[in-house]
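**Q** Below is a structure I'd like to ask you about.
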Amino acid sequence: MGRRKNNQTSTSLNNTQHQATKVCFDDDEEEENINLDDSIVATEKAIAMDDVTMSDPNAPFVDGGDDDKTSADYYFDSYSHFGIHEEMLKDGVRTKTYQNVIFQNKFLFKDKVVLDVGAGTGILSLFCAKAGAAHVYAVECSHIANMAKEIVESNGFSNVITVLKGKIEDIELPVAKVDIIISEWMGYFLLFENMLNSVLYARDKWLVSDGIVLPDKASLYLTAIEDAEYKEDKIEFWNNVYGFDMTCIKKQAMGEPLVDTVDQNQIVTNCQLLKTMDISKMVSGDTSFTVPFKLVAERDDYIHALVAYFDVSFTKCHKLMGFSTGPRSRATHWKQTVLYLEDVLTICQGEALIGSMTVAPNKKNPRDIDITINYSLNGRRCVASRTQHYKMR
């Protein structure tokens, strides 16, 4: 069936970066209850480092030609450019959900001290201030913090919002404790280039004993798709390039997960919950895990890739709120993460692809993610078993 024939935004990470639960998601015009599966999915979380910089000529620039560079080398500098913040602000699923969580639950924020971890332009801090927070400390490491200060002043919130430039691990707050920590910390595949460890550090150091973290739940899911046309174009292309064998690049391409939007009609199996993280209780080591999966075919088809996505929940609200980045939901800038299989699996309805997924931060750079998948299929028309390794960087 294939996909993305007209999609010009497929993102290799080397170049940039179930069961439904009732949630509430509103916009300015109407209020409605929706499912996490029907919730919402529209752009990328990192920008290519070889793009033309359109900001201050003195702004940081990182040469993308160094193969030894990892995401840690350009992570904070990339967030200095306004373009990435424009992408995230225009992600209506992301930004409107946070806005609704804050404005529809003002009782949580009234007269409370709030810490915004990774504040960016300060949009979440502005929401909190407008909702009645006593004070908001907006911590941002990149140079966009300077713009955030101007934005706060321009909107008349200088007496409520204090912007602090620096890493959360390095700065000191003017207060001993905060009542609420809010952050949009999630990365591709939930954990790639994420700020979760910074949130956990802030929680352990500054959050009062009965304080809350927003969002407080995040869940990772897995499904399998048919993707013959795109795999042929993206992976098999290297078998014969104008008559030359370039399969050495094919091996590298196979090991790099692809961030892209998946058509829900490509889904062949059920969607299985792999891991749920409780941000209010977990420790940093919980981001390393091995979990089993069993994906049962819902029709006769072929499997070319596994697809991972995540849901986020705000369970401390008056009504459960959140959003999904799944292929059956509205698009977000996180899209989905596609992991191509070396085998083309012929699967019949009711048969199960079983295996396990191991996820761990890369030892050289914890912002990168190493993924290992073991899978096997013992079907009527296909028997296969393999271990594959992937690296998101």
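A quick yes/no check of all residues on (1) part of a strand (DSSP E or B); (2) in contact with a helix residue (DSSP H, G or I) (Cβ under 6 Å, 6 or more places away or on another chain); (3) buried (at least 19 other Cβ atoms within 10 Å of the Cβ):
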{"site": "GLY355", "(1), (2), (3)": "yes, no, yes"}
{"site": "VAL359", "(1), (2), (3)": "yes, no, yes"}
{"site": "ASN365", "(1), (2), (3)": "no, yes, no"}
{"site": "THR372", "(1), (2), (3)": "yes, no, no"}
{"site": "LEU377", "(1), (2), (3)": "yes, no, yes"}
{"site": "SER385", "(1), (2), (3)": "yes, no, no"}
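**Q** Right, something else. Looking only at strands (runs of 3 or more DSSP E) that lie completely in segment 113-186, which have at least 1 residues being among the polar types (S, T, N, Q) and open to solvent by less than 20 Å² (accessible area, probe 1.4 Å)?
**A** 178-183
**Q** Restricting the search to segment 201-219, which residues are open to solvent by 10 Å² or more (accessible area, probe 1.4 Å) and either in contact with a helix residue (DSSP H, G or I) (Cβ under 9 Å, 6 or more places away or on another chain) or more than 16 Å from VAL139 (Cβ to Cβ) (or both)?
**A** Those that are open to solvent by 10 Å² or more (accessible area, probe 1.4 Å) and either in contact with a helix residue (DSSP H, G or I) (Cβ under 9 Å, 6 or more places away or on another chain) or more than 16 Å from VAL139 (Cβ to Cβ) (or both): TYR201, VAL208, SER209, ASP210, GLY211, ILE212, LYS217, SER219.
**Q** Could you please let me know if ALA224 is in a helix (DSSP H, G or I) and either of a type in the set (A, V, I, L, M) or closer than 22 Å to ASP300 by Cα (or both)?
**A** No: the conditions fail for ALA224.
**Q** Of the residues GLU298, GLU229, which single one is at pLDDT below 95 and open to solvent by 70 Å² or more (accessible area, probe 1.4 Å)?
**A** GLU229
**Q** Take the residues of segment 238-263 that are part of a loop (DSSP other than H, G, I, E, B) and among the small types (Gly, Ala, Ser): which is least open to solvent (accessible area, probe 1.4 Å)? Talk me through it step by step, then tell me what you get.
**A** Initial filter on segment 238-263 (part of a loop (DSSP other than H, G, I, E, B)): 240, 242-243, 245-246, 255-257, 261-263.
Next cut, among the small types (Gly, Ala, Ser) only: 243, 255.
On the way: GLY243: 62, GLY255: 17 Å².
Of everything passing the filter in segment 238-263, GLY255 is least open to solvent (accessible area, probe 1.4 Å).
**Q** Run ALA331 past the list (1) more than 24 Å from ILE373 (Cβ to Cβ); (2) buried (at least 22 other Cβ atoms within 10 Å of the Cβ); (3) among the small types (Gly, Ala, Ser) and report the number of the one that doesn't hold.
**A** Unmet condition: (2).
**Q** Could you tell me which numbered condition MET277 fails, if it satisfies all but one of (1) under 21 Å from PRO215 (Cα atoms); (2) part of a helix (DSSP H, G or I)?
**A** (2)
**Q** Given the conditions (1) surrounded by 19 or more Cβ atoms within 10 Å (Cβ to Cβ); (2) farther than 16 Å from TYR188 by Cα, and given that PHE310 satisfies all but one, which numbered condition is not satisfied?
**A** Of everything listed in (1) surrounded by 19 or more Cβ atoms within 10 Å (Cβ to Cβ); (2) farther than 16 Å from TYR188 by Cα, PHE310 misses just condition (2).
The values are calculated or read from the model by the stated rules, or taken from the named source; none is laboratory data. Because the structure is a prediction, the values reported are computed rather than measured. Glycine gets a Cβ as well: all are built from the backbone with ideal geometry, and neighbour counts include every protein chain shown. Please note that ligands, DNA and RNA were not included when accessible areas were found on the heavy atoms of the full protein model with its side chains. Shrake-Rupley method; radii C 1.70, N 1.55, O 1.52, S 1.80 Å.
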